[in-house]
């Protein structure tokens, strides 16, 4: 059908609609490949509701981080410090809790303060000192990781069983973490769609100079976006601490949350140059990522081949809609 | 060309018309003085030649990375390409000393192919270089693991390690001359000539400064950008050959080198997202980074502190460059 309209409608309109539906199309393709793989190999037990939840549950930390990363990428910035921040928060929280339920609230508070501070510094360095966001957050990542490894080298502290509800608890038969993830995505969507800050984010990302001339406090918008991103990474760190029952200084780097969260956001149709994209694309991107892993598992692909294919798929997925763009990309 | 325009503009802004010397040379000189104060043996040829030998791989890599940065992109795939070169060479040469030359040719061929693919994906599939080379990084890491089966066995023959390890003794005046330093001088000069004395260099600057304007002015934008990626990949292969010489075979030789190369180029005053950069300054940036690490080693500071210092220096260097640029009214 879209082929038929493509002939008559103006090209710009067709491209716009394609952009909009590309993440959904990719997700549909991933789902059908997954289902196809399950049926073809006769492993239909993987098609159950519980397995779907398990597939989703594996990428909660990545998903939460990616929601934050979406804000930053929408304002044409980028955050490479999320992985180290995740490790730092996981260690900090589990050291403060140290197995005692009474310390849960102080630990969460301290983590959020740490996250907000990191985000604030990132934002201020980028907006006030005019440092390229890639360099600013990369430097921040090295600083956090260095400070962290100066103090701890392995699992430190312990998370009380009450706090493990975050990762292992169930609400009405659905894992709490999945509900939390979708609630967070919904809040992020509402903020981007219906608040002044949300439209400022798109304006700043689209054209920073135009946004400033229109009277938007562009620097403040960028700083807030970075604080949101760091807070999301903080929550992801708390989730990982809860899931692993303790924090270690390498969990963020091991998960490659910095580059993977960027990849997920971009696969979800948000443009690295800023100003276009959205939360639901990112959610679709996260699902595509976890489906890819599941497809490999179902097909029993060798671990190293898996990695090769993963790299190819990331590029192919982005090329899937970027190839139509007429602009010259950075 | 743009340098001349800039300096004539800035003369009006600054009362003292001092010639603009890249600050990285002052920083490097200061660091070398600091190293000599800490370790007087550094003025001996063995001291500084070993330093240059250690810095040579990063310097070559940074000079190659500069091509991509000047053209407005990033190349994150170099680190894993280094790993692939080292692992692949040890697998191919199979402890046979006579294999060195064809193994090196094969590796340069692989580098050429990787650079071509990076460039083609960025130019024709319109995938942002950050994502395209990130995908390549993941893929190449996977290949390195696949090729070696996870644990590289064997070692490189001495004829291969010649480039990274051997020192030519009994040279007049300087007594010893590591082969790695000769390689650095030859490759460095070649890259300098290509960037600053040929049309390609001017086209690279034009494309990085404003790709749209370059395209309209008749620059073959895609060909220039692909060349930049090929140069970067080839320099990574040479770096891999040197590193294989003194570091030996493992699957993490190249880890982190992509970020160090970008750091070095940025220290040398290269402008991220294109349009400005100099090969000698990028090499000086690489020497500066190595000098900082050497100094921290002399001071007996542990690895985590190195990371923190690297992060802070990275941010400070870019912030300073931006401050200078703003003050001189560009």
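What the table shows:
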{"read-out": "Helices (runs of 4 or more DSSP H) contained entirely in the stretch B:165-238, each with at least 1 residues that are closer than 22 Å to residue B:257 by Cα", "value": "B:179-196"}
{"read-out": "Count - residues of the stretch A:97-132 that are in a helix (DSSP H, G or I), surrounded by 15 or more Cβ atoms within 10 Å (Cβ to Cβ) and modelled with pLDDT under 90", "value": "3"}
{"read-out": "Residue in the stretch B:83-101 that is assigned to a helix (DSSP H, G or I), more than 14 Å from chain A (Cβ to nearest Cβ), modelled with pLDDT of 95 or more and out of contact with any helix residue (DSSP H, G or I) (no Cβ under 7 Å at 6 or more places or on another chain) present", "value": "no"}
{"read-out": "Of the criteria (1) within 17 Å of the chain's Cα centre (by Cα); (2) within 14 Å of chain B (Cβ to nearest Cβ); (3) assigned to a helix (DSSP H, G or I), which one residue A:309 fails", "value": "(1)"}
{"read-out": "Complete set of residues in the stretch B:32-50 that are under 22 Å from the mean Cα position of the chain (by Cα) and either closer than 23 Å to residue B:243 by Cβ or surrounded by fewer than 14 Cβ atoms within 10 Å (Cβ to Cβ) (or both)", "value": "B:48, B:49, B:50"}
{"read-out": "Residue tally, condition at the interface with another protein chain (Cβ under 7 Å from one of its Cβ atoms) and touching a helix residue (DSSP H, G or I) at 6+ places or on another chain (Cβ under 7 Å), over the stretch A:125-140", "value": "10"}
{"read-out": "Residue in the stretch A:152-175 that is over 25 Å from residue A:122 (Cα atoms), touching a strand residue (DSSP E or B) at 6+ places or on another chain (Cβ under 9 Å) and in a helix (DSSP H, G or I) present", "value": "yes"}
{"read-out": "Residue satisfying all of: in the stretch A:142-152; in contact with a helix residue (DSSP H, G or I) (Cβ under 6 Å, 6 or more places away or on another chain) and more than 7 Å from chain B (Cβ to nearest Cβ); nearest to residue A:256 (Cα to Cα) among these", "value": "A:144"}
{"read-out": "Among (1) more than 8 Å from chain B (Cβ to nearest Cβ); (2) at pLDDT below 85; (3) in a helix (DSSP H, G or I), the one test that residue A:274 misses", "value": "(3)"}
{"read-out": "Qualifying residue in the stretch A:189-206 (condition: under 18 Å from residue A:68 (Cα atoms), in a helix (DSSP H, G or I), touching a helix residue (DSSP H, G or I) at 6+ places or on another chain (Cβ under 8 Å) and at pLDDT below 90)", "value": "no"}
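The values are calculated or read from the model by the stated rules, or taken from the named source; none is laboratory data. Quick caveat, the model's predicted, so the values are computed rather than measured. Heads up, the Cβs are rebuilt from the backbone with ideal geometry, glycines too, and the neighbour counts pull from every protein chain shown.
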